[in-house]
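Everything below concerns the one structure shown next.
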Amino acid sequence: MRKSFFILTVGLLAMGVCSCRRARITPEEVRDTMREDVVFTAATSGYVTKASDAALEDGDSFGIFAMDPLNVLNVKASLSGGKVQPERPVKWELGQSHATRFAALMPYRDGVSGLDCDFSVQTDQRSYQAYSASDLRLSVVDVKPGNPVDFLFQHVLCKLIVNVSGLAAGDEVSAVETGRLQTSLRLNLVDGSMQAGAEQGSVQLGPAVTANGGQGFVAVLVPQSGLLPLMVRLKSGQTVSCVPEAPVTLASGFAYRADIALTPGAGEVSFKLGIADWADGGLMPFKPSNP
């Protein structure tokens, strides 16, 4: 009996010691033994109106990638109420002091399991759905623990806008398309570098807003260098083909405009580098190839 009482007394004392030790744990100790969630925000560079293809809206989704030491790949996140909501938490490492490189790829692409993303633009962009599906945006940022990760999205590809004026009364543009171009790429999410893919083909532009009395057509293209032949087909049966005076470079994040002024039997074409909704630049001349 005395032995049982002794064991019970020792047990109660031990529980009391544990309770006292738990009571003495400070908030700092709790913080140091828990991994904190990474907080994300998202915005766009440049203009932010939807008409400029730059705005972010509720429901937009993207993949989050975190390099060493977090090693998190393609966590889907969505915008809701102006905030970024990851499908699962991304947490800082315990005791981490150096920065982690984060990347965000929009729109979210299922199946991206590494730090390279293979991507192809739609070759028929006559619908807005196909056009928007070709617009890839990326943000890469280095952030130290305890700070929010502010993603600033920029366009990876480039945009071509074709404006046609000088149409005969009653005539209309039935189609605008490019010649044979590169239509795929491999994007490195660590540094944003790109390599040309193997896919090639012509790209059909879709209708855009009417500009300067003409008809506007637009497409997203893979950045590349070379000739950029354009073909404008009219409902009257005429086809106007245009080529640049010299090879051109289509740069990532830039928009390009070709203004085609139709004249009897020919097209007079200028090619402007830079539209205010993506980026700004200079001027490159075009010439008709079938006068």
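The values are calculated or read from the model by the stated rules, or taken from the named source; none is laboratory data. Keep in mind that this is a model prediction, so the values were computed, not measured. Don't worry about glycine lacking a Cβ; one is built from the backbone with ideal geometry, like all the others, and counts go over all protein chains shown.
Only residues that are at pLDDT 90 or above, part of a strand (DSSP E or B) and surrounded by fewer than 18 Cβ atoms within 10 Å (Cβ to Cβ) were counted in the range 139-163, giving 3. For residues that are in a loop (DSSP other than H, G, I, E, B) and surrounded by 15 or more Cβ atoms within 10 Å (Cβ to Cβ), scanning just the range 172-191, find the one that is nearest to the chain's Cα centre (by Cα). That would be Leu189.
Per-residue answers, yes or no, for (1) among the aromatic types (Phe, Trp, Tyr); (2) crowded, with 19+ Cβ neighbours inside 10 Å:
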{"position": "Ser61", "(1), (2)": "no, no"}
{"position": "Pro69", "(1), (2)": "no, no"}
{"position": "Gln85", "(1), (2)": "no, no"}
{"position": "Pro89", "(1), (2)": "no, no"}
{"position": "Tyr108", "(1), (2)": "yes, no"}
{"position": "Gln125", "(1), (2)": "no, yes"}
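Within the range 61-71, is even one residue at pLDDT below 50, small (Gly, Ala, Ser) and out of contact with any Lys or Arg (no Cβ under 6 Å at 6 or more places or on another chain)? No: the range 61-71 contains no residue that is at pLDDT below 50, small (Gly, Ala, Ser) and out of contact with any Lys or Arg (no Cβ under 6 Å at 6 or more places or on another chain). Would you call Ala77 under 21 Å from Arg186 (Cβ atoms), assigned to a strand (DSSP E or B) and at pLDDT 95 or above? Taking the combined requirement at face value, the residue does not satisfy it. Taking interchain pairs and intrachain pairs at least six residues apart, which have beta carbon atoms under 7 angstrom, with the first residue in the range 221-243 and in the same structural domain as Asp259 (by TED's automatic domain parsing) and surrounded by 15 or more Cβ atoms within 10 Å (Cβ to Cβ) and the second part of a loop (DSSP other than H, G, I, E, B) and β-branched (Val, Ile, Thr)? The qualifying pairs are Leu221/Val121; Leu221/Val203; Val222/Val121; Val222/Thr183. Taken together, the criteria place Ala54 among residues that are surrounded by 15 or more Cβ atoms within 10 Å (Cβ to Cβ), at pLDDT below 75 and hydrophobic (A, V, I, L, M, F, W, C).
Scanning the range 106-138 for residues that are without any contact (Cβ under 8 Å) to a residue 60 or more places away in the chain, assigned to a helix (DSSP H, G or I) and more than 14 Å from the chain's Cα centre (by Cα) returns a single hit, Gln129.
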